[in-house]
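A.B. asks: Let me give you the structure first, and then I'll get to my questions.
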Amino acid sequence: MVELRDISLSYAHKHKKEAAALGQVNALFERGNFSAVIGPSGCGKTSLIKIIAGLLVPDNGDVLVDSNPLKGVRKHTAVIFQDYGLLPWKTVRDNAELPLRIRGVERNGSLRLNSGIDQDGRKKVRTLLEEFGLGAFADHYPQQLSGGMRQRLAIVRALACEPELLLMDEPFSSLDALTRESAQDFILSIQQTRRLTVIMVTHSIEEAVYLADMIYVMNGVNPGSITGRVAISRNEDSPRERFREVPLFHEYCGVLRRDYLRKPVITSSLNGAAS
């Protein structure tokens with residue numbers, strides 16, 4: 001569904017030469033898969049998500065979605081950032097309705113908004129808020145919600161535009177360990193029931209192994225690039241939540257941790273899964 005061809009990106013710094021963030025990134029993210037991108041801080045993971053979202057234009061290379069060149073923000077692509085991007089001065093309902101009110105993006109990056117949304121849109125948002133346990137908090141503000149509830153609100157807002165592609169940038173990093181595991185199961189159930197294509201960046205090897213069908217590894221060398229990938233195989237006859245407890249889970253984590261931390265390119269294999 002999403003193909004990256006030789007993506008390069010540089011940032012200009014004040015009083016300095018341009019710094020390369022991404023260099024010749026190539027990847028293919030399959031439709032309906034849950035893909036994870038791991039790598040150290042500063043390797044360009046967030047920039048990559050913004051490029052796939054159409055929020056950043058690469059210096060070179062192409063992004064194709066369903067074989068079509070990406071030209072700006074797509075209607076059916078949703079993004080959840082690390083801080084969730086909730087507007088603190090807007091209610092839960094208003095935050096959830098935001099994607100339905102966006103009618104364009106100005107050249108300076110600011111959003112052009114409709115004055116309101118139709119009755120069907122309001123009903124859709126109301127139904128989503130109820131489904132995700134936020135119906136009673138529609139008139140609250142984000143700061144009045146727990147971390148887990150803010151994360152659910154970010155998911156509701158993402159789903160309001162009925163996306164085919166969901167992009168996530170460290171969406172669980174601000175949650176405590178138990179809430180994080182619950183949130184992982186929650187987003188996994190959403191991905192499976194709605195058959196979404198998900199691309200997530202994370203620092204957590206364990207999180208990537210638990211959630212992803214395919215893991216892409218970015219190096220920490222500037223500019224960042226994808227240097228390996230690992231396909232995750234599971235016993236689909238056993239409950240997914242038990243996967244963290246089985247030896248294979250820890251084997252995958254070991255392969256990724258050893259190669260991701262110590263080698264520039266992944267060469268190890270596990271049951272023929274790494275390449």
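A.B. asks: Can you tell me what share of the DSSP beta bridges in the chain is antiparallel? A percent to the nearest 5 is fine. Display every interim value, and only then the final one.
C.D. replies: Working: 23 of 42 bridges.
If I count the DSSP bridges inside the chain, around 55 percent turn out antiparallel.
A.B. asks: Measure off 7 Å from each Cα along the Cα-to-Cβ vector at Ser238 and Leu64, then give the distance between these two points in nanometres to one decimal.
C.D. replies: In this crude label model, Ser238 to Leu64 measures out at 3.9 nm.
A.B. asks: Say each of Ser10 and Ala177 gets a label point 7 Å from the Cα, pointing the same way as Cα to Cβ; how far apart are those two points in nm?
C.D. replies: 4.5
A.B. asks: Using mean Cβ contacts within 10 Å as the protection proxy, how do 240-253, 43-56, 69-82 order, highest first? Spell out each step's value before the answer.
C.D. replies: Working: 240-253: 14.4, 43-56: 21.6, 69-82: 16.1.
So the peptides 240-253, 43-56, 69-82, ranked by packing, come out 43-56, 69-82, 240-253.
A.B. asks: Want the number for Arg194 to Lys90: 0.36 nm per residue separation, take away the alpha-carbon distance, what's left? Don't skip to the end; give the middle numbers.
C.D. replies: Working: separation 104, 0.36 × 104 = 37.44 nm, distance 2.74 nm.
Roughly 34.7 nm would be gained on extension.
A.B. asks: Treating only the Cβ atoms of Lys and Arg (+1) and Asp and Glu (-1) as charged, compute the dipole magnitude of the chain about its Cα centre; round to the nearest 20 debye. Before the final figure, lay out the partial values.
C.D. replies: On the way: 35 positive and 32 negative charges, 147 e Å.
Around 700 debye, computed over the chain.
A.B. asks: Once label points are set 7 Å from the Cα along Cα→Cβ at both Arg122 and Val221, what is their separation, rounded to one decimal in nm?
C.D. replies: With each label point 7 Å from Cα toward Cβ, the separation is 5.8 nm.
A.B. asks: Students often check this: by mean Cβ neighbours within 10 Å, which of 210-221, 191-202 ranks highest, and how do the rest follow?
C.D. replies: Values: 210-221: 21.5, 191-202: 18.8.
The peptides rank, most packed first, as 210-221, 191-202.
A.B. asks: When each pair of different Cα atoms in the chain is counted once in the 1/r mean, what is the Kirkwood radius in angstroms, to one decimal?
C.D. replies: On the way: mean 1/r = 0.0508 Å⁻¹.
Radius from the Kirkwood sum: 19.7 Å.
Coordinate-derived values only; no laboratory data. What you see is a predicted model, and the numbers here were worked out from it, not measured in a lab. For neighbour counting, all protein chains shown are included, and Cβ atoms are generated from backbone atoms with ideal geometry for every residue, glycine included.
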